[in-house]
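J.: I have a structure I would like to understand better, so I am pasting it below and will then ask my questions one at a time.
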Amino acid sequence: MVYAILFIMNNLEVELRSLIDEKKFIELNDFLTKNGEDLGEDNKDSYFYHLPDKLIKVVNSETKNSAKLTLKLQKIGLGDDFEEIDVNFLPKDMDNVLRILDILGYGENHLYSYQNRHNYLYKGVEFAVKYTVSWGFHCEMEIVIDNKEDVPETIKQIEEVARELGLKTMSNDESKEFMKKILTGWERGPYSRDEFKSKKIF
């Protein structure tokens with residue numbers, strides 16, 4: 001018998017990003033471990049399919065043994081709020097999901113990234129403190145909301161927490177220009193996946 005378990009969710013995610021260096025990466029993990037709620041490690045294989053104004057993200061979390069396809073109805077650099085449609089599927093079906101996207105013609109515009117990631121909750125903001133070869137050391141700060149009218153106040157809330165922690169959030173223009181460089185194959189990270197793992201930075 002062949003079967004699949006699908007869970008479909010609609011979210012409105014308000015998300016800001018900050019580029020950091022190795023020293024800040026260590027400090028931020030240490031601070032959030034001591035002062036926030038530790039949500040655990042969440043390392044994952046990630047595939048990003050870039051459409052003209054949308055983004056499809058497929059992730060396989062090796063830490064949580066879960067997999068998910070997310071359609072973001074707005075690309076990075078086009079705003080700070082992202083309406084998302086999530087479909088959870090079994091990790092064993094990952095290859096088939098990727099094959100479907102390739103057959104549909106999205107394969108030419110996709111990027112692969114392995115995320116070294118640790119998640120925290122601090123003052124109502126969820127932090128993902130990450131290292132990837134493409135983005136280097138960085139963090140994402142997000143709050144999921146139900147009402148689009150709450151976006152401006154939510155952005156203000158995230159920015160206040162970011163300032164407290166000494167994090168400079170990226171503007172939409174900065175994010176858009178950064179993504180243009182990433183899509184050319186440019187890599188900000190100083191370490192390969194294996195080098196980062198062997199350093200045991202955090």
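J.: For region 31-58, give me each residue that is in contact (Cβ under 8 Å) with a residue 24 or more places away in the chain and closer than 23 Å to ILE103 by Cβ. If you could, list the steps in order and put the result at the bottom.
T.: Taking region 31-58 and keeping what is in contact (Cβ under 8 Å) with a residue 24 or more places away in the chain, we get 31-33, 35-51, 53, 56, 58.
Hits for region 31-58 are ASP45, SER46, TYR47, PHE48, TYR49, HIS50, LEU51, ASP53, ILE56, VAL58.
J.: Looking at (1) under 19 Å from the mean Cα position of the chain (by Cα); (2) at pLDDT below 90; (3) not basic (Lys, Arg), which one does ASN147 not meet, given that it meets all the others?
T.: Only one criterion in (1) under 19 Å from the mean Cα position of the chain (by Cα); (2) at pLDDT below 90; (3) not basic (Lys, Arg) is unmet by ASN147, namely (1).
J.: What residue, of ASN29, ASN96, ASN88, is in a helix (DSSP H, G or I), modelled with pLDDT of 90 or more, more than 29 Å from LYS156 (Cβ to Cβ) and of a type in the set (S, T, N, Q)? Before the answer, list the steps.
T.: Values: ASN29 fails: more than 29 Å from LYS156 (Cβ to Cβ); ASN88 fails: in a helix (DSSP H, G or I).
One residue alone meets the criteria, ASN96.
J.: Can you tell me which residues in region 156-202 are of a type in the set (Lys, Arg) and either touching a Phe, Trp or Tyr at 6+ places or on another chain (Cβ under 9 Å) or on the phi < 0 side of the Ramachandran plot (or both)? Let's see the steps before the verdict.
T.: In the first step, residues of region 156-202 are kept if they are of a type in the set (Lys, Arg); the result is 156, 163, 168, 176, 180-181, 188, 193, 197, 199-200.
Result: LYS156, ARG163, LYS168, LYS176, LYS180, LYS181, ARG188, ARG193, LYS197, LYS199.
J.: Now a separate question. Could you list all residues from region 115-130 that are crowded, with 19+ Cβ neighbours inside 10 Å and among the hydrophobic types (A, V, I, L, M, F, W, C)?
T.: VAL125, PHE127, VAL129
J.: Scan region 133-140 and give yes if some residue there is β-branched (Val, Ile, Thr) and either crowded, with 22+ Cβ neighbours inside 10 Å or without any contact (Cβ under 8 Å) to a residue 24 or more places away in the chain (or both), otherwise no.
T.: Here is the first cut: in region 133-140, the ones β-branched (Val, Ile, Thr) are 133.
The next check asks that each one be either crowded, with 22+ Cβ neighbours inside 10 Å or without any contact (Cβ under 8 Å) to a residue 24 or more places away in the chain (or both); those that pass are none.
The answer is no, given that none of the residues of region 133-140 is β-branched (Val, Ile, Thr) and either crowded, with 22+ Cβ neighbours inside 10 Å or without any contact (Cβ under 8 Å) to a residue 24 or more places away in the chain (or both).
J.: Only one of (1) more than 17 Å from ILE26 (Cα to Cα); (2) surrounded by fewer than 19 Cβ atoms within 10 Å (Cβ to Cβ) is not met by GLY166, so which one is it?
T.: (1)
J.: Considering only region 40-47, I want to know if a residue exists there that is out of contact with any Ser or Thr (no Cβ under 7 Å at 6 or more places or on another chain), crowded, with 19+ Cβ neighbours inside 10 Å and either farther than 25 Å from LYS168 by Cα or not hydrophobic (A, V, I, L, M, F, W, C) (or both).
T.: Within region 40-47 (the criterion being out of contact with any Ser or Thr (no Cβ under 7 Å at 6 or more places or on another chain), crowded, with 19+ Cβ neighbours inside 10 Å and either farther than 25 Å from LYS168 by Cα or not hydrophobic (A, V, I, L, M, F, W, C) (or both)), the answer is yes, since at least one residue qualifies.
J.: Could I ask something else about it? Is it the case that LEU101 is surrounded by 14 or more Cβ atoms within 10 Å (Cβ to Cβ), in contact with a helix residue (DSSP H, G or I) (Cβ under 8 Å, 6 or more places away or on another chain) and at pLDDT 95 or above?
T.: Working: surrounded by 14 or more Cβ atoms within 10 Å (Cβ to Cβ): yes; in contact with a helix residue (DSSP H, G or I) (Cβ under 8 Å, 6 or more places away or on another chain): yes; at pLDDT 95 or above: no.
No, not satisfied.
The values are calculated or read from the model by the stated rules, or taken from the named source; none is laboratory data. All of these numbers come straight from a predicted model, not from anything done at the bench. Quick reminder, even Gly has a Cβ in these numbers, built from the backbone with ideal geometry, and neighbours come from all protein chains shown.
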